[in-house]
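This report refers to the structure that appears directly beneath it.
Quick note: the coordinates plus some simple rules give every number you see, no bench work behind them. Predicted model only: the values in this text are computed from it and were never measured. Counting neighbours? That spans all protein chains shown, and the Cβs are built from the backbone with ideal geometry, glycine included.
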Amino acid sequence: MKYKDYYKILGVARGVGDDEIKKNYRKLARKYHPDVSKEANAKEKFQEVSEAYETLRDKEKRAAYDRTCTASTSASCSSRWESSGAHSAARSGLSPAKTTKCR
């Protein structure tokens, strides 16, 4: 699986506040919404933006993502994020802290 930099997808820097994340998400969601956008890949872009926002808007999910992907932007980061269980927990709405083991 290819690594996804959720900060880059939303066009924000790491450590940015919740308001900036929300602002950029709304702008991109409007731009790529399948009912509005005429771009061929609008649905995929909209889903990617939504996935990034769902992870970064929640403090626990964002912390789990940051812990797993802080220093690395390679595929190994993606595999750590997914193998930790945090990725599936983030997508399902569960708290990553309750689904991952302390290491």
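With Rg and the Kirkwood Rh both taken from Cα atoms, where does Rg over Rh land for the stretch 1-72? List each step's numbers first, then the result.
Details: Rg = 12.4 Å, Rh = 12.6 Å.
Rounded to two decimals, Rg/Rh equals 0.99.
What does the charge add up to near Tyr25, with Lys and Arg as +1, Asp and Glu as -1, over the other residues with Cβ less than 12 Å from its Cβ?
Numbers: positive: Lys22, Lys23, Arg26, Lys27, Arg30, Lys31, Arg57; negative: Asp18, Asp19, Glu20, Glu48, Glu51, Glu54.
Charge balance near Tyr25 sits at +1.
What is the gain in length, in nm to one decimal, between Ala42 and Ala29 on full extension, counting 0.36 nm per residue of separation less the C-alpha to C-alpha distance? Before the final figure, lay out the partial values.
Values: separation 13, 0.36 × 13 = 4.68 nm, distance 0.97 nm.
Value of the extension gain: 3.7 nm.
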